[in-house]
1. Go through S29, S90 for me and flag whichever is polar (S, T, N, Q), surrounded by 21 or more Cβ atoms within 10 Å (Cβ to Cβ) and on the phi < 0 side of the Ramachandran plot.
2. For segment 50-162, give me every one of the strands (runs of 3 or more DSSP E) that falls completely inside it and has 1 or more residues that are acidic (D, E).
3. For A296, work out the one condition from (1) modelled with pLDDT of 90 or more; (2) under 14 Å from the mean Cα position of the chain (by Cα) it doesn't fulfil.
4. Looking at segment 352-373, can you tell me whether even one residue there is touching a residue at least 24 places away in the same chain (Cβ under 8 Å), within 30 Å of K7 (Cα to Cα), open to solvent by 10 Å² or more (accessible area, probe 1.4 Å) and among the hydrophobic types (A, V, I, L, M, F, W, C)?
5. Determine, yes or no, whether N392 is under 23 Å from the mean Cα position of the chain (by Cα), open to solvent by 30 Å² or more (accessible area, probe 1.4 Å) and not small (G, A, S).
6. Identify all residues within segment 31-64 that are touching a helix residue (DSSP H, G or I) at 6+ places or on another chain (Cβ under 7 Å) and among the aliphatic types (A, V, I, L, M); write none if there are none.
7. Filter segment 170-191 down to residues that are within 30 Å of K14 (Cβ to Cβ) and either part of a loop (DSSP other than H, G, I, E, B) or at pLDDT 95 or above (or both) and give me whichever is most open to solvent (accessible area, probe 1.4 Å).
8. Could you identify the single residue in R166, R141 that is modelled with pLDDT of 85 or more and open to solvent by 20 Å² or more (accessible area, probe 1.4 Å)?
Amino acid sequence: MEHKIYKRYPIGNKRFIWKQKDFILSTFSGFPEMGTQEGDIDVVADRYARHHKEAGFNLMELGWVDHEGSWAAVEACENNGIDLVFQDMSIMGGMTSRHLERKVSREVIKSVVDKLKDKKHTIGYYVWDEPQCEEQMTEARRQMDILQELDPEALLFTVADPDYNRNPAKKDALGNPTGLPGDSWENGRYVPYIHEFAEKMDPPVMSFDYYPVGDYFGVWPGHKYSYENQLDDSFMLLSMALVRDVAKKHDLPFWFYYQGYKLFKCTKKEDFIFPMVRCFMYSAVLYGAKGLQNYATGEKGNRFMNPDGSKGDFFEDQKQINYELKNLGNTLMALDSKLIIHSSDLLSGCEYTKPYFNSFEESLIFAEELPKRTSVGELEDKYGNRYAVILNRDYEKVSAISLKLKDSFRVYEVSKEDGKQRIILDSASQLTLTLQPGDAVLYRFQKASDTPFTCEYELAE
């Protein structure tokens, strides 16, 4: 059987030198959040870098880290050979509406760039976390432009807000924060916000975050999670579709911050289980994500790493899924998201989904409605090869899935063990598979009447 080797190319915003060559597995934060560190700062930083690398991450991001921790992380990443996106908010950068009171000078930014210029593994700067309004975007873009001038090859990172965040910049007549949601689907402001973010920030990658599990009602009014309904009522996959579309419009890689540990009022530690993490990660893969970012900062608990840098409850599970995605990553980097189909129980009756969710009538592969809590993403390479990610959205139950196909297809599985493609069905009009809770598979579909071949992708500079 013929084996084809296709070229794939680095991707990214044309205005930057920095381009993405490989699938990104990163984490926020690459060091304990301020006030949560346990132990000697240099020892903890070394543990963090060493254990991140062991878990299969290829990038660490600094966020919400104090001054000493930021610079300890720089040295730890150099010593352990893992890349870092740097942030020291005591000097520059910002988070949401904070840090606007200072106008960081070019000289201050240059002093940071000069200090980091010989650090091989510090590849970029975390410029701003979730700029929410024009004033914040303007300051973030100003700092980004200065950094681009001073360090033109760097990754200048920023991330967009989710649809449920409060906007502290919105105040009442007395100047007090209203506590009301900022840009949401319900008030009609989230779609314009995401478009505005992409246009004003013009970032190297299009990233946003979404953390669906937990009782956020006292924090963000109207955002309350149901353990019974899982993701059925969540806007996560809707917002993901919007951000994916905007990323495609601006020809930007799509990255996603997924929830990596229990947040807010998960009433018991066991309320947050690792199949949730798996589901969130593969959901983004379904949408053609090129970077997956683990949000697991904060208190000790069920997460992959503890505040002292020791291995957490989820370490081995996180290591395993990172291993899988590293092996799938070369193929995923060559694919563009074409359409997304969800079973009808996801946001049933929701008025916002129509422009963003596809139906099986639009599919080139699947011939009928999907089973309960099943999602499919169809992707394609530049050579016309068609793939599909099939996801079990239920993170409590194993799912036996049967899918009717539109033609007789030869089906190749892309292996999570080595990334190679192997024929699993030579001629099939029905596809049957079993998926573990929150799990997914990546298949290539070829008409059974065509000559079979396997393929792989090779990065061309």
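The values are calculated or read from the model by the stated rules, or taken from the named source; none is laboratory data. It should be emphasised that the depicted structure is a prediction, and the values quoted were computed from it without experimental measurement. Cβ placement follows ideal geometry from the backbone for every residue including glycine, while neighbour counts extend to all protein chains displayed. The area values use the complete protein model at the heavy-atom level, side chains included, leaving out ligands, DNA and RNA. Shrake-Rupley method; radii C 1.70, N 1.55, O 1.52, S 1.80 Å.
1. Details: S90 fails: surrounded by 21 or more Cβ atoms within 10 Å (Cβ to Cβ).
Within the list S29, S90, the selection yields S29.
2. Numbers: elements: 59-61, 83-86, 122-129, 155-159.
Per the criteria, 59-61, 83-86, 122-129.
3. Looking at each condition in turn, A296 falls short on (1).
4. Yes, segment 352-373 contains at least one residue that is touching a residue at least 24 places away in the same chain (Cβ under 8 Å), within 30 Å of K7 (Cα to Cα), open to solvent by 10 Å² or more (accessible area, probe 1.4 Å) and among the hydrophobic types (A, V, I, L, M, F, W, C).
5. Working: under 23 Å from the mean Cα position of the chain (by Cα): yes; open to solvent by 30 Å² or more (accessible area, probe 1.4 Å): no; not small (G, A, S): yes.
In short, no.
6. Those that are touching a helix residue (DSSP H, G or I) at 6+ places or on another chain (Cβ under 7 Å) and among the aliphatic types (A, V, I, L, M): I41, A45, A49, A55, M60, L62.
7. The first filter runs over segment 170-191 and keeps only residues within 30 Å of K14 (Cβ to Cβ), leaving 183, 189-191.
With either part of a loop (DSSP other than H, G, I, E, B) or at pLDDT 95 or above (or both) added as a condition, the list becomes 183, 189, 191.
Values: D183: 23, R189: 89, V191: 41 Å².
Once the filter is applied, the top-ranked residue is R189.
8. Values: R166 fails: modelled with pLDDT of 85 or more.
Unique residue meeting the criteria: R141.
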